[in-house]
Amino acid sequence: MEKIFFRAESLYDVSTHYCPGCGHGIAHRLVAEVIDELGVREKTIGIAPVGCAVVAYDYWNFDCSEAAHGRALAVATAIKRVHPQNVVFTYQGDGDLAAIGTNETIHAANRGENLTVVFINNAVYGMTGGQMAPTTLLGQKTSTSIEGRQKEKHGYPLKISEMLALLPGVTYVERVSLQSPQEVLKAKRAIKQAFENQINNLGFSLVEVLSPCPTYWGQSPKEALDWIRDVMQKEFPLGRIK
Amino acid sequence: MAKIVINQQRCKGCFLCVNFCPKGLIKKSRKLNKRGLNFAEFDPSGGCIGCAMCAVICPDCCIEVYK
């Protein structure tokens, strides 16, 4: 009997601190599997964000650096320019990439840095207690929008992937979701494409991953996946943006 | 005949695998693991097809699939 599904070599054999049903565990595994398949584990440098995935370097078995909140792409730019032969990627949440780090994100993309970005969008600030994020949907209840997000008070959900796709320096932008095994496999293909672009020196690539946060959505893990399919994907349509 | 092996001590009991098994071969345990959680249990008698849907959706990489 042959083992056909097993833990990637790039993923340490440890338990994560994530809540049951959290999408970060799936996204970490996809990144690790892609790096193993491309055979670049020895020359990969990941940049961990601030947010729930802040200790991602404890789970990935390759070199990692930490960055100040939102500054992952600035740190990645420096590392990639000093070590252009290395594969450098950032793994950031929506609070990190689309709120405090919007400045760094837009300018790194506009410079066309040859980097890969894995952008985890769960429409909420997970680590700090479920506050409203720029990507929170209209009507969505969070601990700082207890009656639901209202466009008059809080504005609209920020579609940063579409914004970045307008920039000439950006090569590849795709939005994927983790709402079913089929979508997880598509997400893996997109992440692999983003890493291949970097290896082929094609420029800035970003994959936005719609990821469940059952704890701060107040739902069971399965309900959270259904909510992505039925609600979140209507606001953030899947597919290749650029 | 395929089978899966679940790391029951690491399982956090989200039961996404239970929802996505096309054969309905995974169920919630009645026992608790060392975390004090009910975990996912595999029924080897039902004809697992080795599709690995459970392993693909498992957020904690608890499932290995053999075929």
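The rows are residues; the columns are (1) more than 12 Å from chain A (Cβ to nearest Cβ); (2) surrounded by fewer than 16 Cβ atoms within 10 Å (Cβ to Cβ).
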{"position": "B:Ala2", "(1), (2)": "no, no"}
{"position": "B:Cys11", "(1), (2)": "no, no"}
{"position": "B:Val18", "(1), (2)": "no, no"}
{"position": "B:Gly24", "(1), (2)": "yes, yes"}
{"position": "B:Lys34", "(1), (2)": "no, yes"}
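Residues that are farther than 17 Å from A:Leu115 by Cα and buried (at least 18 other Cβ atoms within 10 Å of the Cβ) do occur in segment A:78-95. Once segment B:37-67 is narrowed to residues that are part of a helix (DSSP H, G or I) and in contact with a Leu (Cβ under 9 Å, 6 or more places away or on another chain), the residue that is farthest from A:Lys222 (Cα to Cα) is B:Ser45.
Within 16 Å of the chain's Cα centre (by Cα), more than 14 Å from chain B (Cβ to nearest Cβ) and of a type outside the set (D, E, K, R) - does that describe any residue in segment A:75-88? Give the steps one after another, and end with the answer.
Let us first name the residues in segment A:75-88 that are within 16 Å of the chain's Cα centre (by Cα), namely A:76, A:88.
This time we only want the ones that are more than 14 Å from chain B (Cβ to nearest Cβ), so: A:76, A:88.
Next, only the ones that are of a type outside the set (D, E, K, R) stay: A:76, A:88.
Looking for residues that are within 16 Å of the chain's Cα centre (by Cα), more than 14 Å from chain B (Cβ to nearest Cβ) and of a type outside the set (D, E, K, R), one finds at least one in segment A:75-88, hence yes.
When B:Lys28 is tested against (1) within 11 Å of another protein chain (Cβ to nearest Cβ); (2) of a type in the set (Lys, Arg); (3) in a strand (DSSP E or B), just one condition goes unmet, and that condition is (1).
Is one or more of the residues making up segment A:193-202 at pLDDT 95 or above, out of contact with any Phe, Trp or Tyr (no Cβ under 8 Å at 6 or more places or on another chain), crowded, with 22+ Cβ neighbours inside 10 Å and small (Gly, Ala, Ser)? No; the residues of segment A:193-202 include none that is at pLDDT 95 or above, out of contact with any Phe, Trp or Tyr (no Cβ under 8 Å at 6 or more places or on another chain), crowded, with 22+ Cβ neighbours inside 10 Å and small (Gly, Ala, Ser).
Any residue at all in segment A:96-111 that is among the charged types (D, E, K, R), surrounded by fewer than 23 Cβ atoms within 10 Å (Cβ to Cβ) and away from chain B (no Cβ under 14 Å)? Working first, answer last.
So in segment A:96-111, the residues among the charged types (D, E, K, R) come out as A:96, A:104, A:111.
With the extra rule that they be surrounded by fewer than 23 Cβ atoms within 10 Å (Cβ to Cβ), the set shrinks to A:111.
Next, from what is left, pick out any that are away from chain B (no Cβ under 14 Å): A:111.
Yes: one or more hits.
Report, by residue number, each residue of segment A:194-222 that is of a type in the set (Asp, Glu) and not in a helix (DSSP H, G or I). Please lay out each step first, then the result.
Just the residues of segment A:194-222 that are of a type in the set (Asp, Glu), to begin with: A:196, A:208.
Selection gives A:Glu208 alone.
Given (1) under 27 Å from A:Thr44 (Cβ atoms); (2) within 14 Å of chain B (Cβ to nearest Cβ); (3) assigned to a helix (DSSP H, G or I), where does A:Val176 come up short, assuming only one miss? Evaluating A:Val176 over (1) under 27 Å from A:Thr44 (Cβ atoms); (2) within 14 Å of chain B (Cβ to nearest Cβ); (3) assigned to a helix (DSSP H, G or I) leaves (3) as the failure. Among the residues of segment A:143-187, those that are within 30 Å of B:Cys51 (Cα to Cα) and among the hydroxyl-bearing types (Ser, Thr, Tyr) comprise A:Ser177, A:Ser180.
Determine whether segment A:147-163 contains at least one residue that is over 26 Å from B:Phe15 (Cα atoms), surrounded by 15 or more Cβ atoms within 10 Å (Cβ to Cβ), basic (Lys, Arg) and free of Cβ contacts under 8 Å to residues at least 24 places away in the same chain. Yes, the conditions are met somewhere in segment A:147-163.
If I filter segment B:36-63 down to residues being within 13 Å of chain A (Cβ to nearest Cβ) and within 9 Å of the chain's Cα centre (by Cα), which single residue comes out as surrounded by the fewest Cβ atoms within 10 Å (Cβ to Cβ)? Show your work before the answer.
If we filter segment B:36-63 for residues that are within 13 Å of chain A (Cβ to nearest Cβ), which is where we start, we get B:36-40, B:44, B:48-63.
Then keep just the ones that are within 9 Å of the chain's Cα centre (by Cα); that gives B:39-40, B:54-55, B:58, B:62-63.
Values: B:Phe39: 21, B:Ala40: 25, B:Cys54: 26, B:Ala55: 24, B:Cys58: 28, B:Cys62: 24, B:Ile63: 25.
That would be B:Phe39.
The values are calculated or read from the model by the stated rules, or taken from the named source; none is laboratory data. Note that this is a predicted model, so its numbers are computed, not measured. Here the Cβ is made from the backbone with ideal geometry for all residues, glycine too, and neighbour counts use every protein chain on show.
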